[in-house]
Amino acid sequence: MEQNRFMSPEMKEETGRRIEALQRLMKDSAYGEPSALLIGSNANLFYASGRFFRGYVYVPAQGEAIYFLIRPTVFGEAPNIRYIRKPEMIGDLLNEMNLKLPEAIGLEEDELSYSDITRLRKCFPESKVVNVSALLRRGRMVKTPYEIAEMKKDGLHQAAVYHKIPGLYKPDMTDLEFQIEIEHELRLEGCLGYIRTAGNLMEINMGSVVNGNNADAPSPYDFSMGGAGVDPSLPVGADGSIMHNGTTVMVDMNGSFNGYQTDMTRVWSIGEIPPLAMKAHECSRRILRELEQSVRPGMEICELYKRSIAIVEEEGLEKYFMGHRQQAGFIGHGVGIELNEQPPITGRNRQQVLENMTLAIEPKFVIPGVGAVGVENTYVVRKEGLECITPFPEEIENLL
């Protein structure tokens, strides 16, 4: 690829498909029928261009997207690239391109700050403003073949690192030391070292390692497992405690290698663990096998949750499911450019399962005094069921 090329021919074709998908959604009255979108948030900029830059993507109701770049300014000239110092220049540049200002401009009111939205509204004084955050989330929910291929690469890289995990453990090490060793291997494998997470109130570092009773420490974040963390400024995951015999260690570490990510959780034991923990772990695997075989496009999302709960109740494990002291009200979520993308897999979500959605499904349990057990895989929804793209053994292996 040439150094200053904004996007390769392959990415131009790929982003063209994504823009067309957004344009189809723009005609849906459920999203306010905007006549143009102005995209400015990090994840959506990446989705609409295949790269990150400071600036905006303008998506008209039909035709090519226009890229307004503030930084960097190194990509040369192209018909659909314009360099700006500030967003107030966008209107004049659209006029120069013989494009009318839109009757209804779609802005990401859920993602951008209030001051950003106020400023962008003033750039389109005669336009009706429509919040298109839900439209963009819906567009990203169904992945293109290119996106699925990138996520499959992530899953293979993530699995390659997980294979090394047993060799990283040393007796009497802390959970934090263990996590740092895993992080080191992830970076050597090519991990970008950063997780984009959907939601302004969601934060995490390179992932989560929880051992023993720390798995039962409630977190303020909307993750399936908690953990106290090592500082009140980031109260999630490893807390720096020594990992003791008779406990489990749950590893849910970063799978981001190319701007997309897979989500995978596996559990190891330190010595022998009680039968209850093993029963709960096998229940998690049973849930995944059931969903892999039964989920089809057109089902309601809530059906996945209900089928999982039915199995949990059949085995009498409901008081440990998705937490113990504090239980999460979901068993999974969408994943792609960000963690916790749409759709959330809850008992109330009446959205339909769609072909080529990518779902992280994570039926987990917390056993007091032992720790967390359960499996998380990332799946692609296919016509015939769920395709797992995080290939790694699910059994609990003893680290001693």
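Share of antiparallel DSSP beta bridges in the stretch 9-140, in percent to the nearest 5? Mind dumping the intermediate values first?
Details: 10 of 20 bridges.
Roughly 50 percent of the beta bridges in the stretch 9-140 run antiparallel, per DSSP.
Using +1 on the beta carbon of Lys and Arg, -1 on that of Asp and Glu, and nothing else charged, what's the dipole of the stretch 9-140 about the Cα centre, debye to 20?
Taking the Cα centre of the stretch 9-140 as origin, the dipole is about 240 debye.
Using only alpha carbon pairs under 8 Å that are at least six residues apart, calculate the relative contact order of the chain and give it in whole percent. If you can, show how the numbers build up before the last one.
Details: 859 pairs, mean separation 59.2, N = 400.
15 percent.
Would you list Met322, Met253, Met11 from fewest to most Cβ contacts within 10 Å?
Met11, Met322, Met253
Quickly estimate the mean residue ellipticity at 222 nm for the chain, helices only: each DSSP H run with n ≥ 4 gives -39500 (n - 2.57), and the total goes over all residues, rounded to 500.
Details: 9 runs with 119 residues, N = 400.
Rounded to the nearest 500, it is -9500 deg cm²/dmol.
Based on DSSP, what percent of beta bridges with both residues in the chain are antiparallel, to the nearest 5? All intermediate terms of the calculation are to be shown ahead of the outcome.
Values: 42 of 55 bridges.
Close to 75 percent.
Compute, for the chain, the length of the dipole vector about the Cα centre, with Cβ point charges of +1 (Lys, Arg) and -1 (Asp, Glu) only. Units Debye, rounded to 20.
Values: 42 positive and 56 negative charges, 219 e Å.
About 1060 debye.
Mean-square fluctuation check for the chain, GNM, Cα pairs under 10 Å: which of Tyr114, Tyr320, Tyr146 is largest?
Tyr114
Anyone know which of Thr118, Thr378, Thr144 comes out most mobile in the 10 Å Cα GNM of the chain?
Checking each option, the largest mean-square fluctuation is seen for Thr118.
With 10 angstrom as the radius, rank Phe52, Phe46 by how many other C-beta atoms surround their C-beta, starting from the fewest. Don't jump to the answer; show the numbers that get you there.
Numbers: Phe52 11, Phe46 18.
Least crowded to most crowded, the residues run Phe52, Phe46.
Cα to Cα, under 19 Å, and not fewer than 8 places away if on the same chain: which aspartates and glutamates meet these conditions relative to Lys279?
Excluding near neighbours in sequence, the set is Asp216, Glu290, Glu313, Glu314, Glu315, Glu318, Glu362, Glu376, Glu394, Glu395, Glu397.
Normalised by the residues of the stretch 1-131, what does the relative contact order come to in percent, with Cα pairs under 8 Å and at least six apart?
Details: 192 pairs, mean separation 30.6, N = 131.
Reported relative contact order: 23 percent.
Putting +1 on Lys and Arg Cβ atoms and -1 on Asp and Glu Cβ atoms, find which of Leu168, Leu99, Leu156 reaches farthest to the positive end of the dipole of the stretch 86-193.
Toward the positive end, the furthest listed residue is Leu99.
The numbers here are math on the coordinates, done by the rules we state, and not lab data. Source: prediction; values computed, not measured. FYI the Cβ positions are ideal-geometry reconstructions off the backbone, even for glycines, and counts take in every protein chain you see.
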